[in-house]
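Take a look at the structure set out below.
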Amino acid sequence: MLKTRIITAIVLLAVLLPVLFSQNVVAFGVVATVFFGAAMWEAMRLFGQRVPLMYALIWSVMFAFCVFGGGFNANQQLFMLCVVLWLLRFTPSLAIGLPAMPKPPLGRSFGNTFLSTAFIVALFGCFIAILTLFSRSPLYLLSVMVLVWIADIGAYFSGKAFGRRKLAPSISPGKSWEGAIGGCLAVLLLSIVTIVAAPSVPWLFDTFAVRLQARFGWAVALAVLVLVVAASVVGDLFESQLKRRAGMKDSSSLLPGHGGVLDRIDALIPVLPLAALISIWL
């Protein structure tokens, strides 16, 4: 299993890193469209749609039209809508817990149709945000994604060492409050080091945390970073909830050893539109 994970990770890095740093918008748009289509297919399966591939193809065409038609640079309203959906629809469902979620067959209920439509919008907004942040610079996009990865790594080790109080036991029994706090502290520490080091390392000025602090000051920057970590935790938990109610361990097996695309980007789905919205003001 570990060998499979490592091989898959190496292959993904070999494909994604050259495309990311090539600064070729067309090549990056093609890769983003492929991953968006895969994520959409997985999402439709989680929501019990009978023809998930058809939905994935339709939305992929729409996404490609936005990408190659140049319509992804002015999406403040889309990013605001995504933030509102996570704040008012998805996050409250975590507090309600798993028992209140609709039972299979999922695709036949009005509540599931509404929820799946809202999630499609959130997923669409996430990938448009990827392109928007990439258009600023590959490093800028990577600097936002690194915050989520550091939060996840910090949460894992903090949870292993200190985890006592379960964060959402009916959704993801392995996650704890101590882990979430540890992940948050890891992000804040990394960001503080980055901001302090930026005057001596000029390329760091093109990163999210540094620009945030330069524009709004320390207090607002740290508050926003805490919000980013909280959003990443919500995204992770929400996808776990979707998988549990659908009776699936992984969103798919498209990435051997890693599960599916949604399993890799779940924490990024609420974070990237939020970061793209904030970046409009930076």
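Within the range 250-279, restricting attention to residues that are outside any helix (DSSP H, G or I) and at pLDDT 90 or above, which residue is nearest to residue 49 (Cα to Cα)? Steps first, answer last, please.
First, pick out the residues of the range 250-279 that are outside any helix (DSSP H, G or I): 250-260, 266-267.
Those left that are additionally at pLDDT 90 or above: 251, 260, 266-267.
Numbers: 251: 14, 260: 17, 266: 20, 267: 23 Å.
By that ranking, first place goes to 251.
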Criterion violated by residue 222 - all others in (1) more than 19 Å from the chain's Cα centre (by Cα); (2) open to solvent by 10 Å² or more (accessible area, probe 1.4 Å); (3) farther than 17 Å from residue 186 by Cβ satisfied:
(3)
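So in the range 245-282, with the set limited to residues that are closer than 22 Å to residue 76 by Cα and of a type in the set (Val, Ile, Thr), which one is most open to solvent (accessible area, probe 1.4 Å)? Walk me through it before giving the result.
Going through the range 245-282, the residues closer than 22 Å to residue 76 by Cα turn out to be 265-282.
In the following step, the residues that additionally are of a type in the set (Val, Ile, Thr) were identified as 265, 269, 271, 278, 280.
Numbers: 265: 28, 269: 3, 271: 0, 278: 17, 280: 78 Å².
Applying the filter and picking the extreme gives 280.
Could you please find all residues in the range 41-65 being charged (D, E, K, R) and open to solvent by 40 Å² or more (accessible area, probe 1.4 Å)? Reasoning before the result, please.
The initial filter retains those residues of the range 41-65 that are charged (D, E, K, R), namely 42, 45, 50.
Within the range 41-65, 45, 50 qualify.
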Selection from the range 66-93 of residues that are surrounded by fewer than 14 Cβ atoms within 10 Å (Cβ to Cβ), of a type in the set (A, V, I, L, M, F, W, C) and either closer than 11 Å to residue 122 by Cα or modelled with pLDDT under 90 (or both)
74, 84
Of the numbered conditions (1) more than 16 Å from the chain's Cα centre (by Cα); (2) under 30 Å from residue 53 (Cα atoms); (3) of a type outside the set (S, T, N, Q), residue 174 satisfies every one except a single condition; which is it?
(2)
Given the condition free of Cβ contacts under 8 Å to residues at least 24 places away in the same chain and aromatic (Phe, Trp, Tyr), answer yes or no: does some residue in the range 229-251 qualify?
no
Taking the range 4-31 on its own, how many of its residues are in contact (Cβ under 8 Å) with a residue 40 or more places away in the chain and farther than 13 Å from residue 135 by Cα?
7
Examine the range 9-27 for a residue that is in contact with a helix residue (DSSP H, G or I) (Cβ under 9 Å, 6 or more places away or on another chain), at pLDDT 90 or above and under 22 Å from residue 277 (Cβ atoms), and state whether such a residue exists.
no
Taking only pairs six or more apart or across chains, which ones have beta-carbon atoms under 9 Å, a first residue in the range 157-186 that is open to solvent by 70 Å² or more (accessible area, probe 1.4 Å), and a second residue that is in a helix (DSSP H, G or I) and of a type in the set (A, V, I, L, M)?
157/186; 162/181; 181/155
Some residue of the range 193-200 being of a type in the set (Ser, Thr, Tyr), surrounded by fewer than 16 Cβ atoms within 10 Å (Cβ to Cβ) and in contact with a Lys or Arg (Cβ under 9 Å, 6 or more places away or on another chain):
no
Residues of the range 229-244 being surrounded by 24 or more Cβ atoms within 10 Å (Cβ to Cβ) and farther than 17 Å from residue 89 by Cβ, which ones?
229, 232
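Give 25, 19 a once-over and let me know the one that is open to solvent by less than 30 Å² (accessible area, probe 1.4 Å) and more than 22 Å from residue 120 (Cβ to Cβ). Write out each step before concluding.
Values: 25 fails: open to solvent by less than 30 Å² (accessible area, probe 1.4 Å).
Matching residue, one of 25, 19: 19.
The values are calculated or read from the model by the stated rules, or taken from the named source; none is laboratory data. Computed from a predicted model, the values in this text were never measured in an experiment. Positions of Cβ are generated from backbone atoms using ideal geometry, with glycine treated the same way; all protein chains shown enter the neighbour counts. To get the accessible areas, we keep the full protein, side chains included, count just its heavy atoms, and leave off ligands, DNA and RNA. Shrake-Rupley method; radii C 1.70, N 1.55, O 1.52, S 1.80 Å.
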